[in-house]
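Taken together, the values in this text are just the output of simple stated rules run on the coordinates, not laboratory data. Worth saying up front: this structure is predicted, and the values here are computed from it rather than measured. So basically every Cβ, Gly included, is an ideal-geometry build from the backbone, and we count neighbours across all protein chains shown.
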Amino acid sequence: MHNVVIIGSGCAGLTAAIYAARANLKPLVIDGHEPGGQLTLTTMVENYPGFPDGILGPELIDNMRKQAERFGAEFKSGTVTEVDLSRRPFKIVAGKETYQAQSLIVAAGASARLLGLPSERHLMGRGVSTCATCDGYFFRGKPIAVVGGGDTAMEEAIFLSRYASKVYLVHRRPEFRASKIMLDRAHANEKIEFVAPAVVEEIIPHTNGHVGSVRLSNPVTKETREIELEGVFVAIGHDPNTAVFRGKLQMDPNGYLVALNGSKTKVPGVFVAGDVQDHRYRQAVTAAGSGCMAAMDAEKFLEEHSD
C-alpha cells in the first residue's frame with residue numbers, strides 16, 4: 001500500500017516525486033516504457049531555468065531522480081499494463097507486480113511519432129530533433145529540414161526560420177493537412193522551401209557524427225535527391241501514453257487526459273501532470289510545474305481523506 005503512486009519518470013513525474021517525498025508521503029515512481037521521458041533523447045537543454053550554460057537532458061533527469069531519492073522516493077522499473085480506478089485504494093499492475101495506492105499521479109508523458117529510420121534514432125540529439133522550441137537555437141545560420149504536413153510542421157518551420165539559413169519543408173503528399181492560414185504564412189516565408197511529395201529515405205551522418213544530409217524519394221516518380229543540411233526536425237505529431245486509461249479517465253479526441261481545476265480528474269484521488277495532458281506547450285519547465293501541482297493536490301487530497 002502506497003500513499004502516492006506516480007506513473008512516469010520524466011520532468012513531471014520526478015518533480016511530483018520530489019514534492020511528494022518532501023511531504024513525507026514516500027511516493028512510489030513507476031518508470032514507464034520510456035524512463036526519463038523525452039529529455040533523455042535531448043543533448044543540450046538551454047531553456048531550463050537555473051542553468052546559464054545549459055545542461056545535458058539525461059543529466060538533468062538524473063539530477064531530478066537523485067533529488068527525489070534523497071527525500072525518500074522509491075523507484076520501480078516497468079510499464080503499467082492495467083489499472084483499476086473504480087475504488088480506492090487504486091490498483092496498478094506493472095509487469096508481474098501489483099501496487100495499491102491511496103492516490104495516483106499520471107505523468108506517463110507523450111511519445112513523439114518518428115519516421116522509423118534506424119539513422120533517425122542513431123542521430124537523435126545529433127541534428128535530429130522533435131522539438132523546435134527546444135533545439136532551434138542550435139541551428140543558427142544552418143540549413144535544416146522540417147518533416148510533416150500539419151499545422152505543427154508549419155509552425156515549427158516558421159519558428160525555425162528565425163535561426164536557420166534555409167528550411168526545407170518535406171511532406172510525403174502534395175496536399176497538406178495544415179490550415180490555409182498556416183500554409184499561406186509558410187509559403188510567404190522566403191526562407192522556407194516546400195519539398196513535396198517527398199519521403200525521407202535516409203538521414204546521412206557527416207564525418208563528425210552529426211546530420212550531414214538527407215536522401216529524399218519522390219513517391220510518384222521514384223526519383224531521389226540528396227540535400228545537404230545540418231538538422232532534421234520531425235513534426236508528424238505526438239501520441240500520449242494513455243491507452244491503459246481508456247474508458248477510465250476523461251480524454252480529449254486525441255487521447256490526452258483532461259485536467260480539471262489544476263491537475264484533478266473526474267476520479268477523486270487521481271491527478272495528471274506533464275505531456276500526458278499537455279499537447280500545447282510540451283516543455284520541461286511546464287511539465288515540472290504541473291508535476292508540482294499534482295503532488296500538492298495529492299497531498300491535500302490525502303489530508304482530507306486521512307480516514
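Here are the numbers:
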quantity	calculated
Failed criterion for residue 111 (all others in (1) of a type in the set (Ser, Thr, Tyr); (2) closer than 13 Å to residue 10 by Cβ; (3) free of Cβ contacts under 8 Å to residues at least 40 places away in the same chain hold)	(3)
Output for segment 132-167, where each listed residue is surrounded by fewer than 19 Cβ atoms within 10 Å (Cβ to Cβ) and closer than 25 Å to residue 56 by Cα	133, 137, 138, 140, 141, 142, 143, 159, 162
Residues being of a type outside the set (A, V, I, L, M, F, W, C) and touching a His at 6+ places or on another chain (Cβ under 6 Å) - total across segment 153-197	0
Some residue of segment 124-138 being part of a helix (DSSP H, G or I), of a type outside the set (Gly, Ala, Ser), within 30 Å of residue 183 (Cα to Cα) and over 17 Å from the mean Cα position of the chain (by Cα)	yes
Residue match in segment 79-86 (condition: over 25 Å from residue 128 (Cβ atoms), surrounded by fewer than 21 Cβ atoms within 10 Å (Cβ to Cβ), among the acidic types (Asp, Glu) and touching a helix residue (DSSP H, G or I) at 6+ places or on another chain (Cβ under 8 Å))	yes
Checklist (1) surrounded by fewer than 18 Cβ atoms within 10 Å (Cβ to Cβ); (2) assigned to a loop (DSSP other than H, G, I, E, B) applied to residue 35, failing item	(1)
Selection count, segment 139-167, where residues are touching a residue at least 40 places away in the same chain (Cβ under 8 Å), assigned to a loop (DSSP other than H, G, I, E, B) and among the charged types (D, E, K, R)	1
Residues of segment 255-274 classified as over 18 Å from the mean Cα position of the chain (by Cα), surrounded by 22 or more Cβ atoms within 10 Å (Cβ to Cβ) and not in a loop (DSSP other than H, G, I, E, B), total	2
Residue selected from segment 1-32 under the condition part of a loop (DSSP other than H, G, I, E, B) and small (Gly, Ala, Ser), by the criterion surrounded by the fewest Cβ atoms within 10 Å (Cβ to Cβ)	23
Residue 47 being closer than 30 Å to residue 139 by Cβ and not in a helix (DSSP H, G or I)	yes
Subset of segment 275-298 (residues that are more than 21 Å from the chain's Cα centre (by Cα) and surrounded by 19 or more Cβ atoms within 10 Å (Cβ to Cβ))	297, 298
